[in-house]
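Working notes, structure below.
Derivation of every value follows stated rules applied to the coordinates shown; laboratory data play no part. Keep in mind it's a predicted model, so treat the numbers as computed, not measured. Neighbour counts run over all protein chains shown; Cβ positions are idealised from the backbone, glycine included.
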Amino acid sequence: MKNLKKAVSLLMAIAMLLSLVSIASAETVTYTQAPYWEGKDLPAVADRLPLEPMVEDAEYLDIGTYGGELKRSAGGGNWDAGKPIEEGLFRFTTKGTVEPNVAKGFKVNEDATVYTIYLREGMKWSDGAPFTAEDCVWFYNAVCLNKVDSKGVRNCHKDAVTGNPAKVEKVDDYTFTVTFETPKYTFVEDLTVDLKWHFAPKHIFEKMVQAAIDGNTEVALAEAKAICGMEFSDVSKAGKELLYYFWNYQGVPTLNPFVLSTEEGKNNIKGEYYEYVRNPYYWKVDKAGQQLPYMDKITYVTVSNVDQQLMLLLDGTVDLQTVALESIPTVLESETAINIYEWSGTDWSDTRTQIHFNLNVDNANLKALFNNKDFRQGMSICVDREEFAALFSDGWQTGGQAAPQAGALGYSEEWANQWTEYDVAKAKGLFEAAGLVMGADGFYDFADGTDFVLNIVSVADNGAADTYKILDPYFRAAGIKTTFKDSDRSNIDNDLMANAVECMLYPVTAIGEISIALKPNSMVPGRATNVAWYGTMDKETATGDLLKLIELCEELGKTADTEKRTQLSLDMLKLHQENQWTIAYVASTPLYWAVNARIQNFLEDGVWSDIYRDLGIAHCQCWFIQ
Amino acid sequence: MQEVLTDAAAVSTAGSFFQFIADRWIGYLLVALAVAALCILRFKKKELYQKLESWGLIFITAVAVFGGLVGKFIWILLIGLLVYLLMRLKMRNKEMYRYVKQRLLMFIPTVIIIAFVIFFIIQLPPGDYVTSYVAAMSAEGEIFTPEQIADLRLQYGLDDPWYIQFFNWVKDIVLHGDFGYSFEYGRDVWDVIMDRLYLTLAISFVILVFQYGVSLPIGIYCARHQYSVGDYALSFIGFIGTATPNFLLAIIIMYYLYTSTGHVYLGLFSTEMLQNGMRWEYVPEFLGRCAIPLIVIGTSGTCGIIRTVRAQMLDEQARQYTLTARAKGCSEKTITYKYCLRAAMNPVVSGMAGSLRTIFSGSTVSAIVMNLAIQGPVLLAALKAQDMYLAGTTVLIQAILVLVGTLLSDIALAWLDPRIRFSERG
Amino acid sequence: MFKKKTMQDESYYLAGQWQLMWRKLKKHKLAKLSLAVLAILYITALFADFFAPYGLEQFSALYKNTAPTKVYWQDEEGKLSRPYVYKLKKENKMEKVDGKISMQTIITEDTSEKYYIAFFVEGIEYKVLGIKSNIHLYGLVNEAGEVDQKARINIFGADSTGMDIFSRILFGGRVSLTIPFVSAAISFVLGILLGGISGYFGGMVDNVIQRIIEVLSAIPSIPLWMALSAAIPPGIPVASMYLYITIILSFIGWTGLARVVRGKFISLRKEDYVMAAKLAGVSDFKIIVKHLVPGFLSYLIVNLTLGIPGSILGETSMSYLGLGMKAPATSWGVLLKETENLESVAQCPWKLIPLAFVVITVLAFNFLGDGLRDAADPYK
């Protein structure tokens, strides 16, 4: 069985290589460029492209025309601008498989210890400097191993058994190898999830990185300033910003279709307006041999809230925006022609209705209660989901539970409907089974007579106050006294670190991904410091199923075999199903994109997922303006 | 010289104080020297001093202008002007001079106390920038060990008790002109503030002028035509303006404009303006865009001033002296503008600094709703992220402006009402 | 003129200052009207449970964001009828054509059954001033005369949870008509007291108070709010939390008034009548309260009447920072805060009705203040 898996992955790799070779050997195509570049002092387009440019040939894509710009609004977030244009060595397809991207292909030896990665000959950085294996190897050996980008060696490069970092060596200008001590079957997927890119422009950063490694602060900072024109206070910040958030800084060459403008007034992502301009050396073409991207620019205007994004979408100042279900009628009524597309998401439920308890809370009474399954079940079934969902979403959404969505790993109808019945009497019985005693005031107390009040907190401005307003009467009807406070992110963060949060009505961002096997640590204690889920729990403090969960996750990290991995993932999910540590009341909704009708080639049925790079899966380099 | 002038942070982080003075604080030094020379002259050689005084002042002003233009420290210019004005005042009006001098001397300790209080308030919420930073990074999947967190604190200087941090902050401001470092922006606080300072000042000033420009005449009109239709109508409109939250008024205006023109007027600059820079053809639209915040933020304060002026005028009109003046045959105009208004201005003028403060606070929420690139939203974000030096400096600047406003309104009061400056002697 | 007064009974000359004021106030029509309006507002707020047809937690998915209920006076044949309304019917439609989504919510009236408006109907239970009851001023009954909570009459429309905005306005008045008053009153007393002391005594006391005022008034409110917000532990009931914050803030809000009072006192204290009072051995406190304060009563009244809308609105701003009132507790500030997005203004303009109540209250206070001022003016 195991050998079969290996053979399959080997075959796949070879097939990938072969398909690339076949494209290259087809009759010579003449490449064309955007009118934008005409008259500019640049080499001919054929010289700017690699010898074998990557062809964007997905079936749904029409051959486009050049020009125009994609107008977007931004809240000042950097991933929002980064993910759509990100180019990694490999990338995910909508089907969840990995395909070569910057890399031309890869080969893996029989016991999956040596990966040979092939690059495209003649490929160039956006400043015209050649992109070679040296950039990849140097990035790993200088930047990652020395943690100059603050992230260090990612999990994908760590040996499955020993945890030692892999060896990355250059073979020739367009080939490099990654060598592990023991078999690492999942390297390519892990790479695409964890690291994405595997390179940085050595010709730009060599001096800065060397100075950072040598501890030569002044030189490193001066270099950083020379690169992007910004002052940094310390080297680690400079390294992180320029090597990890590289697309945010002018003057840093990338392989992306669009690069941050270098013009004053358009080059500051903290400013009111900034733009990403087409990369003259972009290495992808369409089926007709036109160099991508079609559009000249992506422009961003900074806004302060969702309402403004919506307004700008309505008057056509912005082309593209995710919209809430409630806002769709307003969008459709506007005079601007706007299409709404539905993407599926990976959330386990509507994130605005997720409630979770600090399982490691200091108060012994609360801790015992929160860790009691009966209590959680009671909290879940004391709410009339049908009524709640109708009120919550104006009848568009249905009740549900925090569980994997249909089609995702671990989905079962049973789980999706677990504890979703509405039964106050049973809930009360469960509370009593969990050790609560009905007090004289009609609310439950602890067995020792102390008052039980569930203090729920959330982050201000995420709508939790409205959710709580509807939930509270249900809780009270079941005899649970609650309070609610929403405050600023920083206050909540501080409380979380101090383990002072009891219960949160807040999206558990960590749960819900394409597949748990790809990002297992998002499901376990110890990682999620930004939610109260497990509080400050780690392997030492965890007990019972939580400890089991941590152990399974650790085992998963050491397991190479795909089938075994799936089994372990399912076991982890099983624990989640049994315990339902996070309760949700409303089933998740798809994600709705409002897209100005002038944008063509938009991906109609995508999947919104971090590992798919959110909007990145829609490949904006292929969009064009009608 | 050129090299040195470009950047404060590099020098101040290098920490070479003497280097710093030698290079860029020539302006300050010259001012100090000139003042010292003048002081010596003042006591040793009085005649020469009096001759030199006006020349000396011109010299100081020139030096200050030079210092102000060359460095980024515009206040050198202001100090020079102030000294000049004071000297002039001393020659003309001893009484006022004494009053103003006394107030000015109190200014610096007050600023220090305010800075202290501000810093105290800002660090009051639990946690610090490292907390928010670590939490934000954990959300991205990074895991921090307690040692790393402690390292970060050390690196940002956040491991000291807050009063030590305050002391260091003030020390750097006074010695190096360094207002600290914005963690969030990764830049010098002063640079971050300068991005928006002029626009903020311009908007606040225009709003202040608008408020008083509109409400003074209306207030006078209402008082002279008490209980007329005009009085009621204007009061009514004024109260609607006051009773409507700024953000709501902004949304209503924006929505109305959107339905009538099909465009959304968010912010002071349209996308075209931001893309192409300012051009003459954009000026009308720009002015139109400016009118929205002016109305939204301005109207919230006008009613207060209208009602105050009206009430004061009514009080004064009923006074005996008005009766006397009228009996003596003074024209109504003279009575209103020369006697009543002057007396009625007292609360209006003392409220001016308060208005400025209200504009600063009131504009924050409006600026978020209208997407104005002014200081308010940056301040709010800085407070939320516990970016304390940025927040502290912004608040300090606002506070100093309010303080200056208070000072000016007090001086104006003393000028309006001589009883006040006599009273200062206790 | 003279004659008229002699015609009145002797009591006019014997009446004290306050009696005189009351007499004059009674003549001021607008002030009387304002007084009546305020009385109605306060009474309805106090007995909101009775006057409001629905409670604060009677959500309704069906009536979410619906316009004011249409009341019919005529039956199908056009004859005058007992006023009635129809229940609503809601239909959600969502389609996906060519990958593009279209959706629509159709709200129609369900004309199959009429619901008549009735008075003194039974509704949810409440307790006010120790009286337990479930009778509400008005409500709906069906043709059989039974109460059906599924059908609603929302005379001012419904909010995003389907709650009756009218009911919420009445309940909101409880907070908005009282707490801002407390805060305005504290600021007012402190302002007069400290400003008075500062201006009356002058010298060192004046100097110290002035510096305190400068420091306090120079600190922008937002950082202060944030600090307070962080300082309050979870678990404190919203209304009392809001009360505490208002009180804390009113200890800072007196500075503006104090400055004005001080300025006025400085100008007035050298007046001959003050000197005379001093020579006559009147205590300082009495001079301040009896002789100086009435000298600029108009300003004080204006300040007080303007302080109340200031407080009501201050709450909406505070809501932005998670400091103000929060549902299920309600106030006018909360109601206004809920209109903060474009969709409310565009799709549900009736959500702006609470604004009218704020304006009316402010105007009423102000006109009452006008009347009081005139009444207090000995020259009129």
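Any idea what the dipole of chain C comes to, in debye rounded to 20, about its Cα centre with Lys/Arg Cβ at +1 and Asp/Glu Cβ at -1?
Working: 40 positive and 32 negative charges, 314 e Å.
Using Cβ point charges on Lys, Arg, Asp and Glu, chain C gives about 1500 debye.
Give the dimensionless ratio obtained when the Cα radius of gyration of the stretch A:332-452 is divided by 2.2 N^0.38 Å. Walk me through the numbers before you get to the answer.
Details: Rg = 18.6 Å, N = 121, 2.2 N^0.38 = 13.6 Å.
So the Cα radius of gyration is 1.37 times the expected 2.2 N^0.38 Å.
How many percent of the alpha carbon pairs in the stretch B:123-178 exceed a separation of 18 Å?
On the way: 664 of 1540 pairs.
Tail of P(r) above 18 Å: 43 percent of Cα pairs.
Once you place label points 7 Å from the Cα toward the Cβ at C:Val128 and B:Val209, how far apart are they in nm?
With each label placed 7 Å out from Cα toward Cβ, I get 5.3 nm.
First select every other residue whose beta carbon is under 15 angstrom from the beta carbon of B:Glu184; then total the charges, Lys and Arg +1, Asp and Glu -1.
On the way: positive: A:Lys237, A:Lys240, A:Lys270, A:Arg489, B:Arg187, B:Arg196, B:Lys384; negative: A:Glu231, A:Asp234, A:Glu241, A:Asp488, A:Asp493, B:Asp128, B:Asp188, B:Asp191, B:Asp195, B:Asp387.
Result for the neighbourhood of B:Glu184: -3.
Please give the charge dipole size of the stretch C:227-380, origin at the Cα centre, charges +1 on K and R Cβ atoms and -1 on D and E Cβ atoms. Round to the nearest 20 debye.
On the way: 13 positive and 10 negative charges, 116 e Å.
Value, rounded to 20: 560 debye.
Compute the long axis of helix A:562-579 from its Cα atoms, compare it with the longest principal axis of the Cα atoms of chain A, and write down the angle in degrees, 0 to 90, nearest 10.
30 degrees
State, in angstrom, two size descriptors of the stretch C:139-274 derived from its alpha carbons: Rg to one decimal place and Dmax to the nearest whole number.
Calculated on Cα positions, Rg and Dmax stand at 23.4, 79 Å.
Are there DSSP H segments in chain C that both extend 20 Å or more along their axis (alpha-carbon positions) and score a mean Kyte-Doolittle hydropathy of at least 0.5? List them, or say none. Present the calculation step by step, with values, prior to reporting the outcome.
Working: long enough: C:29-46 (25 Å, 1.81); C:179-201 (33 Å, 1.87); C:203-218 (22 Å, 0.87); C:297-320 (35 Å, 0.90); C:353-376 (34 Å, 1.43).
In chain C, the long hydrophobic H runs are C:29-46, C:179-201, C:203-218, C:297-320, C:353-376.
Cα atoms only, the stretch A:264-370: Rg and Dmax in Å?
21.7, 69
Cα-based Rg of chain C per 2.2 N^0.38 Å, rounded to two decimals?
On the way: Rg = 26.8 Å, N = 380, 2.2 N^0.38 = 21.0 Å.
Against the empirical 2.2 N^0.38 Å value, I get 1.28 for chain C.
Do you know the relative contact order of the stretch A:119-227, to the nearest whole percent, from alpha carbon pairs under 8 angstrom that are 6+ apart? Show your work: numbers first, answer last.
On the way: 136 pairs, mean separation 29.3, N = 109.
After rounding, I find 27 percent.
Of the listed peptides A:594-604, B:313-323, C:268-278, what is their order by residue-averaged count of other C-beta atoms within 10 Å, with the highest listed first?
On the way: A:594-604: 19.7, B:313-323: 17.4, C:268-278: 14.4.
Peptide ranking by packing, descending: A:594-604, B:313-323, C:268-278.
Suppose the Debye formula is applied to equal point scatterers at every Cα of the stretch C:60-158; what is log10 I(q)/I(0) at q = 0.17, 0.22 Å⁻¹?
-0.84, -1.17
Run the numbers on chain C and let me know its relative contact order in percent, using alpha-carbon pairs under 8 Å that are six or more apart. If you can, show how the numbers build up before the last one.
Values: 531 pairs, mean separation 79.1, N = 380.
This gives 21 percent for chain C.
Report the Stokes-Einstein translational diffusion coefficient (µm² s⁻¹, integer) for the stretch A:368-512, Rh taken as the Kirkwood radius over Cα pairs, at 10 °C with viscosity 1.306 mPa s. Can you show the working numbers first?
Details: Rh = 16.5 Å.
Value of D from the Cα-based Kirkwood radius: 96 µm²/s.
Starting from the eigenvalues of the Cα gyration tensor, five times each then square-rooted, give me the equivalent ellipsoid semi-axes of the stretch B:190-416, largest first, whole Å.
Values: eigenvalues 275, 99, 43 Å².
Here the semi-axes work out to 37, 22, 15 Å.
I'd like the per residue volume of the convex hull spanned by the Cα atoms of the protein assembly as shown, given in cubic angstrom. Don't jump to the answer; show the numbers that get you there.
Numbers: hull volume 323.7 nm³, N = 1432.
Considering the Cα atoms of the protein assembly as shown, their hull volume per residue is 226 Å³.
May I ask you to order C:366-376, B:89-99 by the average number of other C-beta atoms within 10 Å around their residues, highest value first? Write out the running numbers ahead of the final one.
Numbers: C:366-376: 22.5, B:89-99: 14.7.
Highest-to-lowest ranking by the protection proxy: C:366-376, B:89-99.
Which entries of A:Lys170/A:Lys196; A:Lys225/B:Lys171; A:Lys428/C:Lys89; B:Lys44/B:Lys90; A:Lys124/A:Lys170; A:Lys225/B:Lys384 show an alpha-carbon separation above 23 angstrom in the structure shown? Display every interim value, and only then the final one.
Working: A:Lys170/A:Lys196 19 Å; A:Lys225/B:Lys171 27 Å; A:Lys428/C:Lys89 35 Å; B:Lys44/B:Lys90 19 Å; A:Lys124/A:Lys170 18 Å; A:Lys225/B:Lys384 28 Å.
Violating the 23 Å limit, Cα to Cα: A:Lys225/B:Lys171; A:Lys428/C:Lys89; A:Lys225/B:Lys384.
What nm distance separates the two modelled labels at A:Glu551 and C:Gln347, each placed 7 Å from Cα along Cα→Cβ?
Those two pseudo-labels are separated by 5.1 nm.
Can you tell me what share of the DSSP beta bridges in chain A is antiparallel? A percent to the nearest 5 is fine.
Working: 51 of 70 bridges.
About 75 percent, rounded to the nearest 5.
Which whole-number percentage describes the relative contact order of the stretch C:60-158, with Cα contacts under 8 Å and a sequence gap of 6 or more? Show your work: numbers first, answer last.
Details: 175 pairs, mean separation 28.3, N = 99.
The normalised contact order for the stretch C:60-158 reaches 29 percent.
With a Cα-only, solvent-free Debye model of the stretch A:110-242, what are the log10 I(q)/I(0) values at q = 0.09, 0.15, 0.19 Å⁻¹?
Computed log10 I(q)/I(0) values: -0.28, -0.75, -1.09.
So what are the radius of gyration and Dmax for the Cα set of chain A, in Å?
Final numbers for Rg and Dmax: 26.2, 86 Å.
Residue by residue through A:304-313, how many Cβ atoms from other chains fall within 10 Å of the Cβ on average?
On the way: counts 11, 5, 2, 9, 10, 0, 4, 12, 4, 1.
Average neighbour count from other chains, rounded to a whole number: 6.
Taking R0 as 25 Å, what FRET efficiency do you get between B:Leu48 and B:Phe107 from their Cβ-Cβ distance, rounded to the nearest 0.05? List each step's numbers first, then the result.
Details: r = 30 Å, r/R0 = 1.21.
With R0 = 25 Å, the Cβ-Cβ based efficiency is 0.25.
How big is D, in µm² s⁻¹, for the stretch C:97-140 by Stokes-Einstein at 4 °C and 1.567 mPa s if Rh is the Kirkwood radius over C-alpha pairs?
89 µm²/s
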